[in-house]
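First comes the structure, then the notes that go with it.
The values are calculated or read from the model by the stated rules, or taken from the named source; none is laboratory data. No experiment lies behind these values; they were computed from the predicted model shown. Counting neighbours? That spans all protein chains shown, and the Cβs are built from the backbone with ideal geometry, glycine included.
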Amino acid sequence: MWYFGHTVPINVPHLEARLAQTGHLPADTHLTIGDIRDRFRRRVADIDLDMAKQDVLPFVRDPFAMEVWSREFFESLAEKIVTTGAAGQ
């Protein structure tokens, strides 16, 4: 959430390298911002939000802030993703 709130751009070449290193992306594949947003949306669709809340609750200063957490809330964040160094914006 901090990254979205501070509009921290994703370093696409670094992300590609890490995904290739872990076998989640073929080494010669380049991601567009659309690819990154689609991957984010797929992860949001798969996450157990109740479990995620329980996992992070010990680290949150204001638990009330987590009340906005919903699938729709996280899906809306996809459009706020910004990148740097992307091959195909």
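When the residues of region 39-51 are filtered to those that are touching a residue at least 12 places away in the same chain (Cβ under 8 Å), of a type outside the set (V, I, T) and surrounded by 13 or more Cβ atoms within 10 Å (Cβ to Cβ), which remaining residue is nearest to G85 (Cα to Cα)?
Going through the qualifying residues, I end up with F40.
So the check is Cβ under 8 Å with 6+ separation or different chains; which pairs have a first residue in region 12-23 that's on the phi > 0 side of the Ramachandran plot and without any contact (Cβ under 8 Å) to a residue 60 or more places away in the chain and a second one that's surrounded by 12 or more Cβ atoms within 10 Å (Cβ to Cβ) and of a type in the set (S, T, Y)?
Once the first residue is on the phi > 0 side of the Ramachandran plot and without any contact (Cβ under 8 Å) to a residue 60 or more places away in the chain and sits in region 12-23, no partner that is surrounded by 12 or more Cβ atoms within 10 Å (Cβ to Cβ) and of a type in the set (S, T, Y) comes close enough.
Across region 15-26, which residue is farthest from the chain's Cα centre (by Cα) among those that are in a helix (DSSP H, G or I) and surrounded by 14 or more Cβ atoms within 10 Å (Cβ to Cβ)?
A20
For region 76-89: of the residues being touching a Pro at 6+ places or on another chain (Cβ under 9 Å) and in a loop (DSSP other than H, G, I, E, B), which is modelled with the lowest pLDDT?
A87
It is to be established whether one or more residues within region 68-75 are surrounded by 11 or more Cβ atoms within 10 Å (Cβ to Cβ), aliphatic (A, V, I, L, M) and either in contact with a helix residue (DSSP H, G or I) (Cβ under 9 Å, 6 or more places away or on another chain) or in a helix (DSSP H, G or I) (or both).
Among the residues of region 68-75, not one is surrounded by 11 or more Cβ atoms within 10 Å (Cβ to Cβ), aliphatic (A, V, I, L, M) and either in contact with a helix residue (DSSP H, G or I) (Cβ under 9 Å, 6 or more places away or on another chain) or in a helix (DSSP H, G or I) (or both), which makes the answer no.
Among residues belonging to region 1-38 that are of a type outside the set (A, V, I, L, M) and in contact with a Leu (Cβ under 8 Å, 6 or more places away or on another chain), point out the one that is nearest to E75 (Cα to Cα).
F4
Please count how many residues of region 27-66 are within 28 Å of H14 (Cα to Cα), in a loop (DSSP other than H, G, I, E, B) and out of contact with any helix residue (DSSP H, G or I) (no Cβ under 9 Å at 6 or more places or on another chain).
So the answer is 1.
Looking only at region 18-30, how many residues end up being modelled with pLDDT under 95 and either aliphatic (A, V, I, L, M) or within 25 Å of V68 (Cβ to Cβ) (or both)?
Matching residues across region 18-30 total 1.
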